[in-house]
Structure formats: structure tokens, C-alpha cells
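Report on the following structure.
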Amino acid sequence: MRFSSSRRLWLSALALGCIAGAILVVALILNAQTASQPSNPTVSAAQAEATISATIANLLDVPLYPDAQDVKGNPLNDSVDLFAHTSFTVTVSRDDVLTFYEKDLLARGWLTDDRPLGYVSPEDIRYFRWFDSSGASPYALTMAVYKVKSDASETLFYIDRNNWPDIYHRPLYPDAADVKTTDAILTPGYYSFFRAITTTYTTRANLAVLVNYYTPVMTGLGCQPFTPYGYTYPLDMTGNHSESPDFGYRCDVLNAPQRRWGFEMTIKVRPQEGKLNTVEMVSNGVDAGDRNK
């Protein structure tokens with residue numbers, strides 16, 4: 001059978017159209033399959049954790065002052081579990097030591113903090129802090145370098161380090177929705193680092209499921225479960241105590257030798273219409289530094 005040239009062109013165009021259509025269909029199917037496959041959160045979480053671990057290791061790799069003598073306590077380049085303390089003596093001036101550590105720590109990514117601490121005069125101390133602004137790390141770091149005493153020949157210095165649960169770390173149940181957070185200073189003025197941070201959200205998880213979720217998360221940070229005793233901060237505008245939470249956790253750390261600070265996180269679960277529950281988390285206590293500075 002013979003076809004005219006126009007007929008052959010028409011059949012060729014039809015064949016090419018079918019091939020192009022098949023390619024398009026296959027591409028759409030592959031794209032749909034790729035889109036339907038969730039990203040691997042384990043990989044991204046592991047990468048974030050590795051990055052934070054490397055950052056913290058660099059922050060804590062603090063040098064000993066040159067020619068320091070009578071070094072006692074924890075080695076400065078050791079990782080800090082919760083609290084570490086090192087002392088040494090030098091024959092140089094107080095300002096030489098404080099300036100040395102200020103330059104080194106700021107270059108590593110620490111921030112200065114001018115909060116009054118009460119246990120040493122302001123001119124004898126440099127206080128530093130670090131927190132993860134991305135929220136990936138549940139920990140915050142603080143470090144204090146301060147002169148303790150001097151005599152005619154030498155000066156004694158202490159360096160204290162803390163690696164503690166961050167009051168701003170707000171773990172949410174995976175299906176959390178309608179998340180709202182408020183942040184308030186509990187005691188304005190001298191103790192401006194006492195805060196109450198309230199986060200509310202809705203979830204389909206019930207009380208038992210939430211307890212099972214939060215307990216390993218919080219104990220993994222070094223916090224301990226406790227039973228709230230009738231009320232928690234913040235109080236309402238009339239001064240009345242808010243309704244009692246269902247469960248909570250205490251996160252305590254040493255801030256200086258023989259001084260313990262920390263915060264409490266309490267959780268209240270209340271049913272809504274349908275199958276939703278409202279969760280209210282309140283953390284009140286000490287932060288590791290004002291996020292606005």
C-alpha cells in the first residue's frame with residue numbers, strides 16, 4: 001500500500017505525539033511517586049545533631065591561660081556534662097586574664113552576658129553564654145571566668161562551665177497544631193533571667209500518650225519527673241493560681257559552686273470538642289541569657 005506524502009507526515013506526527021504523551025505520563029508518575037515519599041527525617045536530624053555536637057565541642061575547647069600554675073579541677077578542653085570547674089593561679093594582672101578569655105571565647109561564637117550574678121564583683125568577672133538560635137539544640141551553655149583572690153605574687157582564677165537544658169527548647173508532640181507561645185519575665189529587675197514561657201497547642205494524643213512521649217525526651221536532657229503541687233506559674237491577672245497541671249519535669253543545673261539553678265516544665269492536658277486535646281506547657285525558671293541581646 002502506498003501512502004501520499006501528506007499521509008506519511010500525518011502518521012509520523014501521530015506517532016511522535018503518542019511517544020511524547022507516554023513520556024509525559026511516565027514523568028508524571030515518577031514525580032508523583034517521588035512527591036509521595038516522605039523525606040528522611042532521621043538523616044536530617046542526625047546531620048543537625050552532628051553539626052550541633054561539633055559546634056559545642058569547638059565552644060568548649062577552651063585554652064588554659066599561658067603559664068597558668070596550680071591547675072585543679074576539670075581539664076578545660078573536656079566536654080561538659082552539666083557542670084565543670086577549673087582553677088589556676090597566674091602572676092599577671094586580672095585584666096590580662098579576663099581580656100585573654102574574652103577574645104578567645106568571642107572568636108569561638110560565645111556571647112557576652114552582663115547579668116549580675118552576686119557571688120563576685122562585676123569588675124572581677126566575664127560571663128559568657130551560647131544558645132542555638134535555630135532551636136535544633138536542646139542545650140544552652142554558660143561560662144564564667146572570674147578572679148577569686150590575689151596576693152603579692154599571684155592571682156587565683158576560677159572558670160565555671162554549664163551545659164544545661166535550655167528553657168527555650170519547646171518539644172512538641174508530632175501532630176501539634178495551632179501552636180502559640182508567650183514569654184514573660186517573672187521578676188523584672190535584678191533577677192531578670194527568671195522567665196515563664198507558655199506554649200499551647202492542640203493534638204489528638206491523650207494524657208497517657210503524651211506522658212510516654214515527654215518522659216524519655218525530658219529525662220534524656222537530664223531533667224527529672226515530678227508531680228506538680230496544685231498550681232504553676234504564670235498566675236492569672238487576679239492573682240489566682242491556674243488549674244493544676246497533670247505532670248512535669250525539673251531541670252536543675254549548677255550555676256556556680258554550691259549554687260543550683262534550673263527550671264520546671266509542667267504540662268496540662270484538657271479535652272476539646274471532638275477528638276482533640278489542648279496541651280499547655282509552662283516552663284518557669286532560669287534562662288541562659290536574654291535572646292533579645
When you go through (1) surrounded by 13 or more Cβ atoms within 10 Å (Cβ to Cβ); (2) part of a strand (DSSP E or B) one by one for ASP70, which number turns out not to apply?
(1)
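Scan region 201-217 and tell me whether some residue there is at pLDDT 90 or above, part of a strand (DSSP E or B) and out of contact with any helix residue (DSSP H, G or I) (no Cβ under 9 Å at 6 or more places or on another chain).
Checked region 201-217: at least one residue is at pLDDT 90 or above, part of a strand (DSSP E or B) and out of contact with any helix residue (DSSP H, G or I) (no Cβ under 9 Å at 6 or more places or on another chain).
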Which one is surrounded by the fewest Cβ atoms within 10 Å (Cβ to Cβ), of the residues in region 90-108 that are among the acidic types (Asp, Glu) and touching a strand residue (DSSP E or B) at 6+ places or on another chain (Cβ under 9 Å)?
ASP96
Restricting the search to region 218-244, which residues are modelled with pLDDT under 90 and among the β-branched types (Val, Ile, Thr)?
THR227, THR232, THR238
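The values are calculated or read from the model by the stated rules, or taken from the named source; none is laboratory data. Bear in mind the structure is a predicted one, so any value in this text is a computation, not a measurement. Virtual Cβ from ideal backbone geometry, glycine too; neighbours counted across all protein chains shown.
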